[in-house]
Amino acid sequence: MGHITLSNVTKQFGAVEVIPPLDLHIEDGEFVVFVGPSGCGKTTLLRLIAGLEDVTSGSVAIDGTDITGVAAAQRGLAMVFQSYALYPHMPVRDNIGFPLRMAGLDKAEIARKVEAVAETLNLTGHLDARPGQMSGGQRQRVAIGRAIVREPKAFLFDEPLSNLDAALRVNMRLEISELHQRLKTTAIYVTHDQVEAMTMATKIVVLRSGIIEQVGSPMELYNQPRNLFVAGFIGSPKMNFVTGETAAQHGAATIGVRPEHIALSKDAGDWKGRVGIVEHLGSDTFLHVTVPGAGPLTVRVAGEMAVRFGDTVFLTPDANKIHRFDAADNAMSRRP
Amino acid sequence: MKPDAKPALFGRIPILGRFGLWIWRNPLIAPALLVVIVVTQAPFILTVIYSLFRWNLQRPENTAFNGFGNYLDIFRDSRFLDSVVTSLSFTVAAVLLSLLVGLVYALLVHDRFFGRGIVRTLLITPFLIMPIIGALAWKYTVLSPIFGILNWIVRQFGGTPIDWIGMYPVASVVAVLVWRWAPFMMIIILAGLQALNDDQREAARMDGAGPWAETRFIVLPHLKKYLQLSGLLGSIFIVNEFDVIFMLTQGGPGTATTNVPFLIYQSVFYSFDIGHAAAMAVVIVLGTIVVVTYLLKLLGSLMGDLD
Amino acid sequence: MAFWNRRPAAARGIERASRLRTVLAWGVALFVSFPFLYLATSGLKTEVEAPKMPPAFVPVPEFLNGIPFTYTPTLQNYRLILAGDFMPYFVNSAMATLVSTLIVLLLAIPAAYALTLPQTTSKRNVLFFLISTRFLPVVGVIIPIFLATRFVGLLDNVLALIILYTAMNLPIAVWMMRSFFQDLPADVLDAGRMDGAGTFHELTLIALPMVKNGVLATAFLAIIFAWNEFLLALTLTTTRAATVPLYMISFMSAQGLWYAKMSAAGTLVALPVVILGWFGQKWLVRGLSMGAVK
Ligand SMILES: Nc1ncnc2c1ncn2[C@@H]1O[C@H](COP(=O)(O)OP(=O)(O)OP(=O)(O)O)[C@@H](O)[C@H]1O
Ligand SMILES: [Mg+2]
C-alpha cells in the first residue's frame, strides 16, 4: 500500500514561488527518482510530501486519503536525510527504535523489531555504538534502519548517498535497490547522480524550476526526451547539440546526438573535425572534437583509442538516433 | 455558537485580546513572559505613577497628586543635574576607555603564545569578581593612602603619599570601571577576531601589508560591529553602575561621584522621598531607552531573519 | 627559538605572537591582576603582616622568613571567618542563586525552544521585549519592588531575591538557549518530527540532550549574575536573608579595618563564581552578547 497523488500543489517561500501548480501520481511500489538542477525544488517537493513543509495550495493524498493538513508523523512516511540526521546522543539501538517508541510500542516489541532490522542491515554488532563512533556508510545504514523499522507506506530519500565516498556509494546503491526489491515499498528518491537515477528508478521525474519537464522510465527518458532540457539532463556525458546549418539539414532548429551514438573514423565520415582533449577511462575514451559548422562535440568510443590532440578525424552520427528539436526546444518526431 | 464567535476568554478586549490569545497559543513561552512582565514591567508602570505624586514615606499624610511637579523639581535641583552629568561622564569615559583597553587586551591575547590560556583567564577575572569586592580590592590594595601599592611606589621615588580617592574621585571610579569592563569588551572583541579567518590576514600579508596596515585595514573594519555591540552593552550597564560607587566612594567626596542610580538610592533609602526618586528613575529609564533602541537594532541585524 | 615555538607551522588556527607581544601580554595580565591577587595574598597573612610595606607576594615556608617580598601563609583568617557568622550569608546566597537559576532554566528552555519553531508567531517581538526588560535600569523599578516586597511581607526573605533574580536572568537565558537551539542541525529535528515526536518529545528527547553544554553555559551565567548581585540584596534584605555581598558590608562596618581578615573574607565571597567563570570562559561571550556572538 502506498500510492501518492499530488494535485495542483504549489509552494511559496514568502513571495517566491518555488513550486508552480504541480500534479504527480506515484503508484504503489514504484521507485521514483527526482532529478533536476540544484535549486529546482526537489527537496522542497519531498518535504511537502513528508509534511515537513506546508503546501501553499493544492492537496497531497496517500492511498486516496487527503493528508494535506496532517502532521508529518501521522502520514506514515519515513525519511532518510543526506546528513543522516541521527540522534547523536542515542546509541544505534535507540536511534532505530525511536519511531516505535514514539508510536507507543512496548519495550519487548521494540527490541525485537530493532534486532530484526539490525540483522538485515548488518548492524547487529553495532547496536550499542553511538552514531559519532560509526563510519559514514554505517550511519546511513542506521538511518535506513530507522526508516524501515516502522514499516512505512513510503520511503523518502533526499540525496542519501551524496556524503559517501564513491566505492561505498555503489555498495549502498545496490543495498537500497535490493531492499526495495524485497520490501516492495514505494520510494521517492532525490539525487544528483545520473547513475543512481538510471539504475535505481522505475520512474524518473525531471524537474526544472519546480516544473515537471518529463516523467517516465529511465529508458523512455533516455530514448525519447520530450525536450532539449531533458535530453541534456539525462545521459552522461551530456548529449551533443548542434544548431544552424547542420540542424536545418535535418529540418530542425537543433539536433542532438549522444556521444555514444557517433561513430569515429580516421578516414571518412559525415563531419570532419580536429581532436581536442582526449580522456582515457580505460573502458571508454571520451574525445572532444571541434567540427567546423557544428561546434565542439563529445564522442564516446568503447575501449582504448589511439588518437592524440590535434589529429584530424571523421565523425558519423547514427542516423536512427538523432534527436530533433524545434525552435521552442520541444522534441520533434524521429526522421521517418 | 456563531461562526465568527471569538474565543470566549480573551476575545473581548481588542489589544489585550490579541495578546491573551497569543499567550494562550504559546504555552511554552507564556510563563517566562508573564514572570518578566509581572516582575519588571508592572513595577515600572508603578514607578511612573509614583513619579506623579508628592510622596514621602516619613510624611505619608502629605501624599498628594502632583502632576509633573516632581519632574519640574528635579530639573531645578542641582544635585540631580550634577548626577546626570556625573553619570554621563562616567559612562562616556569608562566605555571609551574600556573599549580601547579591551581592544588592546584582545589584540594581545588573540594569537597563540606561551601561557595564553592563563593570561586570558587573568584578564577576564576582573569582570567575574563581585563588583563590590573588586572595588574593595582597589580601595585597599591600590588606592589606599596607607596600604596602597600606588603610594608605596610614590614613596620609593621620594614623593608624598596622596589620598587618591579623595583627590581624584572621578578618575578613581573610572579606573575601577575600566578595570572591570575592559575584560567584557575583550571577550566580545576576541570572538570577533576569531570570526575573522586567518586566510584574510594572510592574504593581506602576501599583498605586502605590515602588522599596522593589517590591523588598520583588515582587522579593525571587521571588528566594527563587535565594537558597536560591546560599546552599547557596556553603556547600558555602566550608566546604571551602583556597586562600585557604593563601595569605593559612597558618592563622595561631597557629591563628586554621585551618579543618578546612587542619587535615587539615597533619595529612597535616606530621604524616603518616593515621588522625586521615581521621577529620576523614569528619566534614567527614558535615557537608557535611546541606547537600548540602537542596541536592539544592532542585535537584530546580527541575528538575521526571524518569523 | 624557544621550545614552545617548535610546533609545526602547519598547525593551523590562529598564528603565533611575537616574543615581544608575549612579554607584553604577560605584563599587562599581571598588572591587571594585582588588585585581586594581592587581596587573595593578604588573606593568607597575619593581621600584623598584612598592611606592611613593601608588599610581600611570595608565600614561603616559615624557615625562610625575612627574605624581601615574601611572607609565611596562614589559614587562620579563614578559620576565624568560617567559625563566625559567614555561613548563614553563604547559605542565603547559595539558595537565592541556585534556586533562581533552576527556575530560570525551567522557564527559559521551553520558551527558547518555542522561539525557534516555525509556527510560533511574533518571535521577534517577544525576543526584543524580553531583552529590553533586562536593559531596564534596576533603579527604575526598585521603588515599587521595595514597597511591594514590604507590602507582602517578603522583606528580608530569600524568596524575594529568588523571584527577582529569576526575572533578572530570564531574558538572557532565553536568548542564550535560543541561540543554542538554533545551532542544532535542522535535519535531526525534522527526523524527530517524521518519527512521530511531538513538540514535547522533540524538546525533551532530541533537542535538549543535544544542547547540554548550552544549558550548562546558561546556568553558569545566571549563577554568576545572581551571586554577584548587590543592589537588590542591599535594599530587600537586612539580616535573615542577607547574601554574601552584605556579609562583606556588615563585616567591614562591624569589625573595622582588619586588613587580613577583610581580604580573606573578600576572597571567599568572590571566589566561587570566579572559579565558575574560569571554567565557563568559552561560553561567556555567548551569554554576554545575548547569543548574538558565538
Ligand atoms: N525555507 C526556505 N525559505 C526560502 N526559500 C527556500 C527555502 N527552502 C528552499 N528555498 C528555495 O527554494 C528553491 C528550491 O530549493 P530546494 O532545496 O527544494 O532545491 P533542490 O532541488 O533540493 O536543490 P539541491 O539539488 O541543491 O538540493 C531554492 O531556490 C531555495 O533557495
Ligand atoms: Mg536538495
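The values are calculated or read from the model by the stated rules, or taken from the named source; none is laboratory data. Bear in mind that the values here come from a model prediction, so they are computed numbers and not experimental data. Please note: Cβ atoms are built from the backbone with ideal geometry, for glycine as well, and neighbour counts cover all protein chains shown. Accessible surface is based on the protein model in full, side chains and every heavy atom, while ligands, DNA and RNA are left aside. Shrake-Rupley method; radii C 1.70, N 1.55, O 1.52, S 1.80 Å.
A few comments on the model shown:
- Förster radius 60 Å - calculated FRET efficiency between B:ALA42 and A:MET332 (Cβ-Cβ, nearest 0.05): 0.20
- Kirkwood radius for the stretch C:158-277, taken over all pairs of different Cα atoms as the inverse mean of 1/r, rounds to 17.2 Å.
- Charge sum, other residues only, whose C-beta stays under 12 Å from C:PRO59's C-beta, Lys/Arg counted +1 and Asp/Glu -1: -1
- Of all lysines in the structure, those lying under 24 Å Cα to Cα from A:LYS266, and not within fewer than 8 positions of it along the same chain, are A:LYS238, A:LYS321.
- Compactness index (Cα Rg / 2.2 N^0.38 Å), chain C: 1.26
- Contact order normalised by residue count of chain B, Cα under 8 Å, 6+ apart, percent: 26 percent
- Column: log10 I(q)/I(0), Debye, Cα scatterers of the protein assembly as shown, q = 0.06 Å⁻¹: -0.62
- Cross-link pairs B:LYS224/C:LYS294; A:LYS113/C:LYS212; A:LYS113/A:LYS184; B:LYS139/C:LYS282; A:LYS11/C:LYS294; B:LYS224/C:LYS212 - those with Cα-Cα distance over 25 Å: A:LYS113/C:LYS212; B:LYS139/C:LYS282; A:LYS11/C:LYS294; B:LYS224/C:LYS212
- Three semi-axes describe the equivalent ellipsoid of the stretch A:238-332; taken as square roots of 5 times the Cα gyration tensor eigenvalues and ordered largest first, they are 24, 14, 11 Å.
- Dividing the summed -39500 (n - 2.57) terms of all DSSP H runs of n ≥ 4 by the residue count of chain C sets its mean residue ellipticity at 222 nm at -20500 deg cm²/dmol.
- Looking at chain B, the pairs of alpha carbons with a distance over 36 Å make up 38% of the total.
- About its Cα centre, the dipole of the stretch B:69-304 is roughly 340 debye, where the only charges are +1 on Lys and Arg Cβ and -1 on Asp and Glu Cβ.
- Span-like helix ranges in chain C, DSSP H, alpha carbon extent 27 angstrom or more, Kyte mean at least 1.0: C:19-42, C:86-114, C:158-182, C:259-279
- Cβ-based net charge around A:ARG258, under 11 Å, with every Lys or Arg adding one and every Asp or Glu removing one: +1
- With the gyration tensor restricted to C-alpha atoms of the stretch A:1-97, the semi-axes of the equivalent ellipsoid amount to 24, 17, 14 Å, longest first.
- Calculated over chain A: convex hull of Cα atoms, volume per residue (Å³): 163 Å³
- Kirkwood Rh in Å, taken over the stretch B:227-270 so that all alpha-carbon pairs contribute: 11.2 Å
- For A:GLN12, the residues whose modelled amide H falls within less than 5 Å of its own, excluding neighbours fewer than 5 places apart on the same chain, are A:VAL18, A:THR56.
- Overall shape of the stretch A:79-175 was characterised from the C-alpha gyration tensor. The equivalent ellipsoid obtained from it has semi-axes of 21, 14, 12 Å, in decreasing order.
- Placing C:MET194, B:MET206, C:MET53 in order of accessible area, with the largest value first and a 1.4 Å probe, yields B:MET206, C:MET53, C:MET194.
- Contact order relative to length of chain A, as percent, for alpha carbon pairs under 8 angstrom and 6 or more apart: 16 percent
- Once you divide the Cα radius of gyration of the stretch B:161-307 by 2.2 N^0.38 Å, the number left is 1.41.
- The simple spin-label model puts a point 7 Å past each Cα toward its Cβ; for B:HIS222 and B:ALA64 those points are separated by 6.6 nm.
- Rounded to 10°, Cα long-axis angle of helix A:166-183 versus longest principal axis of chain A: 60 degrees
- Charge dipole of chain C about the Cα centre (unit charges at C-beta), most positive-ward option of C:ILE249, C:ALA222, C:VAL58: C:VAL58
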